[in-house]
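See below for the structure under consideration.
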Amino acid sequence: MLDKKSLFGDEIWSRERKTSSWRRGITEQIQNSGWQFHFFQVLLWGGDKEYTLRWMKKVSIKDFVVGEDSPLLVVSGPCVIESEDHAMECAEFLTRFFAKRSLSFVFKASYDKANRTSIDSFRGPGIEQGLKILEKIKTTFDVPVLTDVHSSEEAYEAAKICDIIQIPAFLARQTDIVVAAGRSGAVVNVKKGQFMAPWDMKNVINKLVSTGNEKILLTDRGTSFGYQNLVSDMRAIPIMQGLGYPVLFDATHSVQLPGGLGGQSGGQREFIPVLARAALASGCNGIFAESHPNPAQAKSDSASVLSFEALPKLVDQWERIYETMQLLCAKL
């Protein structure tokens, strides 16, 4: 029988070349072990097969699961709650749109954008009104909701309503917020800081796990590359998955040019499709993509948010690539 301690320690990744019989034998032992999370990934190096053992805990959200062999997760919605009517209209469109798809959907919107570039930037309705709006969306459309939090106190309040509370990239290392999010009992999505290496997320995970909460999602949203620029290193996806939890790719924030327009962030929306495709081909478990009926009028991230009009074509691509990757990994 496999030794649990050694497999969940520093030897999660194995670089030793394995055979198909080894793969079958290990898979059988995994199935017999009864452990809750197990994931087997096949990677290709130089045209040869290399079987790499990787463990991933599946995370339950409402009535679906995120992880290996689960439907693709898409998290979408406006960057910020602009008004109750606007948020409800967005939620109605998105829930109807995604109900026709063979994937999982979470509605997202922020009640407060606490890290805006300018003091004059719109921030949102605030936590009290914002959570009421999110609760209305959740009950009206029977959809799980996500919002981000910026303090320990907010984490506890948001968790009373939201299925997922999100820790922004700039706050990923703030221990008090991370621990409070874990103690809230909600699913926690942590965005990797633009300043962090993907393997540094192990310390963030340890903080969450210390609270007894293993309902963890990780999201890559690009890495700082000089001033006012981000790049996406797709190696971050399998590296963070190797830490044991599902990984999403933020296709809209990854094309931001932080502060690039002086009083607000710029963006290169034209690169969203190619980065999303690359992330799915790299094995991500979900796509995070903010959307808006009229991006030019969006009160936050207008340069990088997706239009509702663009969603059908892009989501078709995402589904096909995800399904292809599932089949490819199953056959290899």
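Please treat every number below as a calculation from the coordinates, not as lab data. Computed from a predicted structure; not experimentally measured. In this analysis, Cβ positions are derived from the backbone assuming ideal geometry, glycine residues included, and neighbour counts consider all displayed protein chains.
For this structure, a couple of remarks:
- Dipole magnitude (debye, nearest 20) for the range 59-331, charges at Cβ of Lys, Arg, Asp, Glu: 500 debye
- Near Lys58, the amide H atoms lying under 5 Å from its own belong to His38; only residues 5 or more places off or on other chains count, and H is placed 1.01 Å from N.
- Highest mean packing comes first when the peptides 61-70, 77-86, 181-190 are listed by Cβ atoms within 10 Å, giving 181-190, 77-86, 61-70.
- Length-normalised contact order of the range 45-175 in % [C-alpha pairs under 8 Å, at least 6 apart]: 19 percent
- For Thr252, residues with placed amide H under 5 Å, excluding near neighbours: Glu290
- With 21 Å as the limit on Cα-Cα distance, the pairs of Lys57/Lys191; Lys62/Lys192; Lys62/Lys132 that go past it are Lys62/Lys192.
- log10 of Debye I(q)/I(0), alpha-carbon scatterers only, for the range 182-251 at 0.17 Å⁻¹: -0.58
- Relative to one another, the C-alpha centroids of the range 152-216 and the range 59-84 are positioned 16 Å apart.
- Going from the residue with the fewest nearby Cβ atoms within 10 Å to the one with the most, Tyr322, Tyr227 rank Tyr227, Tyr322.
- Positive-end residue of Leu171, Thr324, Ala310, charge dipole of the range 59-331 with Cβ unit charges: Thr324
- Scalar couplings 3J(HN,Hα) for the range 93-108, obtained by applying the Karplus form with A = 6.51, B = -1.76, C = 1.60 to θ = phi - 60°, are 4, 5, 5, 5, 5, 6, 5, 8, 10, 8, 9, 9, 10, 10, 7, 10 Hz; x denotes Gly and Pro.
- Cross-link pairs exceeding 30 Å between alpha carbons, from the set Lys207/Lys313; Lys160/Lys299; Lys138/Lys202: Lys207/Lys313; Lys138/Lys202.
- Prolate/oblate/rounded label for the range 59-331 (Cα gyration tensor, a/c 1.5): rounded
- Per-residue packing, averaged as other Cβ atoms within 10 Å, sorts the ranges 200-212, 160-172 into the order 160-172, 200-212, beginning with the highest.
- Using C-alpha pairs under 8 Å with a sequence gap of at least 6, the mean separation divided by the residue count of the range 288-332 gives a relative contact order of 29 percent.
- Candidate aspartates and glutamates for bridging to Lys58, where Cα separation is under 13 Å - those fewer than 8 sequence places away on the same chain excluded: Glu68, Asp69, Glu214
- Translational diffusion of the range 54-147, estimated by Stokes-Einstein from the Kirkwood radius over alpha carbon pairs at 10 °C in a medium of 1.306 mPa s, is 111 µm² per second.
- Amide hydrogen neighbours beyond the local backbone of Ala109, cut-off 5 Å, H modeled: Leu146
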